[in-house]
Structures are given as structure tokens and as C-alpha cells.
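*Asks:* Sharing a structure, written as C-alpha cells. Questions coming.
Any read-out appearing in this document is the output of simple, stated calculations on the displayed coordinates, not a laboratory observation. Remember, it's a predicted structure, so these values are computed and weren't measured experimentally. When we count neighbours, we look across all protein chains shown, and the Cβ atoms used for this are built from the backbone with ideal geometry, even at glycine.
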């Protein structure tokens, strides 16, 4: 016989309330502020301070500590490298005192917004990773010295706010695994590498502003065409659109304006890649390609593509003569 079978109704009600209270206690976040005892073991890399007259530890590792509050860190003003990943942080305001930071990792926390956070006030911060937080937008994000920014696996739905005036030196941006439907809003002319895989992108918009982009990664989205690839993208060398919904050779025509620089294209796992003479059809439009789906273009394929181009030109010429 189960324990519940021998309890009175009142006793059963009390037991249910106790069970629910236990569940609530398990779901509550245990308050775990940062202490001196936690900080000291994580310090390393002894360097001269800015005035050259003293030494201080400039690297601090606080990952996997269950921290909910890092107020005590504000006294360590000489820190240049800080890892607070895999904690429970929502408020980063204590970082405002760490004006010497160069490198900051905040992955796997609970930060929901850049607003009222001090990150844009860190004048030397060059590398920032905030993957796997609770961000839904990028409003309030800035950093004049920032060069690399990782925002992968958040819940970002739009990227309005990534403006050149606030992120002048940004060259690497990772937005993989968010909820983006469009590429519009990224006005970063100095950007070199952009990672947008595993979103729900249906439209390529605003790319004409990315004049120095070298790498564009769009794997596992919902693209049916490549409309939106701009002739202004005159530095583009690598494009990955694997695992989308591109089905027609006509989509490749959108890449012709950047064919002079494009050297590697990944189209595998699209319906187009299953068609006959797929590689030949792509290469006939993009003769300067060196790799297609990570396979080098062979000399034989290049010869065949050149022959295909001649055939197409002859067909066009013959068609004009027939019309005349």
C-alpha cells in the first residue's frame, strides 16, 4: 500500500503543499555573490600596471561558479582578461570599473539586454563573447575598440542597432543560432566575417553596406534565392548557403556581380545541388571559383565550363540572328 493511501485528506493536502514548496525551492536561483575567496584562486598573468611602477594580476577566470552577483570584482581595476561564463549573471554593471579590459567572455549567463550595461564604456575592449544568454535584440550595444563579437545562440530577432558609428572597428560578427528572418540592419562597412547560420533568414537585405566583407556564412536558413547579394560586396571570397531552399540555377545569377572575387561557394543540401550537371552549371556562371562544396574545381571541370560558356554565347548569337 502506498503512503498516500494511509493519510487523511488534511494530511494529504499538507503533503501536496510541502511537495510544491520543495519544487519551488529547487526552481529558485540560489544567491551566490562573488567573494574574495573565489577571486584569488582565479587570478593569473602578473603584469606591470599602466604607470609601470607596480605589478598586478590582469587575468581572472570565474567560469562555472554559480555566480549571481560580481560586485566584488570592481576593485580589480587592472584586469585585462576576464571569463565569467557559465554563471547566472543578469547585471554586468560592476564591469564599469574595469576600464583596462581587452577580452571578456560572458557566455551561458542570463543577460537579457545591452541597455544599461557598461560594455560600451570599456574603451579598450577588443573581444567580447556573449553567446547563449537571453538577448532578444542588440539595442544599446557599442564599443569603439571592439573587433570580434560573438552573440551566437541567443534569441535575437532583429539586428537594428549594429551601426558603424558605435562599432567602428568590428571585423568579426557571429549571430549563429538566433531568430533572425532578415539580414537588414547590419551597417558595418569594416566587417570582414559574418556568421548567420542556423537562423530563419528568408531575405538578404542591406548587404550593400558590407563593402569589405570577405566571409558570409548562411548555412541552415530558409533562403530560396540569393537576391540581395550586392555588387558593392567587392571583397567577398567565401559564401556558404548550405542547407537552404535554393532550387534554380537562376539563383546563381545573383552571384555574377561578385564573381571576380568569389573563390569558394557551398551549395550542398539545397535542391539545386541534386540537379544534373549541377557543378558545370554553377561553374559556367562563376568561372573564377576555386572550390564548390569544399571540393576543388578540377582542370577538366574548368575546360568543360569554358566550353559551356562558348555554347551559351553561340546560342544567344544565333537567337539574335533569327530575330533579325
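*Asks:* With a cut-off of 8 Å between alpha carbons and a minimum separation of six or more residues, what is the relative contact order of region 266-305 in percent? Before the final figure, lay out each step's value.
*Replies:* Values: 24 pairs, mean separation 17.1, N = 40.
It comes to 43 percent, rounded to a whole number.
*Asks:* A further question on this structure: Would you order 55, 78 from fewest to most other beta-carbon atoms within 10 Å of each residue's own beta-carbon?
*Replies:* Numbers: 55 11, 78 17.
With the sparsest Cβ surroundings first, the list reads 55, 78.
*Asks:* Using Cα atoms only, what is the angle between the long axis of helix 9-27 and the major principal axis of the chain, expressed in degrees (0 to 90) to the nearest 10?
*Replies:* 60 degrees
*Asks:* Over the chain, what is the relative contact order in percent, taking alpha-carbon pairs closer than 8 angstrom and at least six residues apart? Please list the in-between numbers first.
*Replies:* Values: 730 pairs, mean separation 22.5, N = 324.
Computed value for the chain: 7 percent relative contact order.
*Asks:* Further question: Only bridges whose two residues both fall in region 18-167 count here: according to DSSP, what percent of them are antiparallel, nearest 5? Working shown, then result.
*Replies:* On the way: 5 of 18 bridges.
Percent antiparallel among DSSP bridges in region 18-167 is about 30.
*Asks:* Moving to a separate point now. Please compute the modelled spin-label separation between residue 234 and residue 97, points set 7 Å along Cα→Cβ, answer in nm with one decimal.
*Replies:* Taking the simple label geometry, residue 97 and residue 234 are separated by 5.0 nm.
*Asks:* For labels at residue 148 and residue 51 in the simple 7 Å Cα→Cβ model, what's the distance in nm?
*Replies:* Spacing of the two 7 Å Cα→Cβ label points: 3.3 nm.
*Asks:* Of all the Cα-Cα pairs you can form in region 172-324, what percent are over 24 Å apart?
*Replies:* Numbers: 3894 of 11628 pairs.
When all Cα pairs of region 172-324 are counted, 33 percent exceed 24 Å.
*Asks:* Tell me the relative contact order for region 63-221 as a rounded percent, counting alpha carbon contacts under 8 Å between residues six or more apart. Don't skip to the answer; put the middle values down first.
*Replies:* Values: 444 pairs, mean separation 22.0, N = 159.
Over region 63-221, the number comes to 14 percent.
*Asks:* State the volume of the convex hull built on the alpha-carbon positions of region 153-256, expressed per residue in Å³ and rounded to an integer.
*Replies:* Details: hull volume 8.3 nm³, N = 104.
Dividing the Cα hull volume of region 153-256 by its residue count gives 80 Å³.
*Asks:* Let me ask another. Write down the percent of antiparallel bridges among all DSSP beta bridges whose residues are both part of the chain, to the nearest 5.
*Replies:* Among the beta bridges of the chain, antiparallel pairing accounts for roughly 20 percent.
*Asks:* Follow-up question, since we're still on this one. Take region 73-187, compute every pairwise Cα distance, and split them into 5 Å bins from 0; I just need the percent in each bin.
*Replies:* Per 5 Å bin, starting at 0, the Cα pair percentages come out as 2, 12, 23, 28, 21, 9, 3, 1, 0.
*Asks:* In addition: For region 238-291, what Kirkwood radius comes out of the mean inverse Cα-Cα distance, in Å? If you can, show how the numbers build up before the last one.
*Replies:* Values: mean 1/r = 0.0904 Å⁻¹.
After inverting the pairwise mean of 1/r, the radius is 11.1 Å.
*Asks:* Kindly put 77, 258 in sequence by how many other C-beta atoms sit within 10 Å of each C-beta, fewest to most.
*Replies:* Values: 77 14, 258 22.
The most exposed by this proxy come first: 77, 258.
*Asks:* Can you tell me how the chain classifies by the Cα gyration tensor, rounded, prolate or oblate, using a/c under 1.5 as the rounded cut?
*Replies:* Numbers: a/c = 3.11, a/b = 1.67, b/c = 1.86.
Verdict is oblate for the chain.
*Asks:* Can I ask one more? What value, in deg cm²/dmol to 500, does the helix sum -39500 (n - 2.57) over DSSP H runs of n ≥ 4 give at 222 nm once divided by the residues of the chain? Don't skip to the answer; put the middle values down first.
*Replies:* On the way: 4 runs with 59 residues, N = 324.
Rounded to the nearest 500, it is -6000 deg cm²/dmol.
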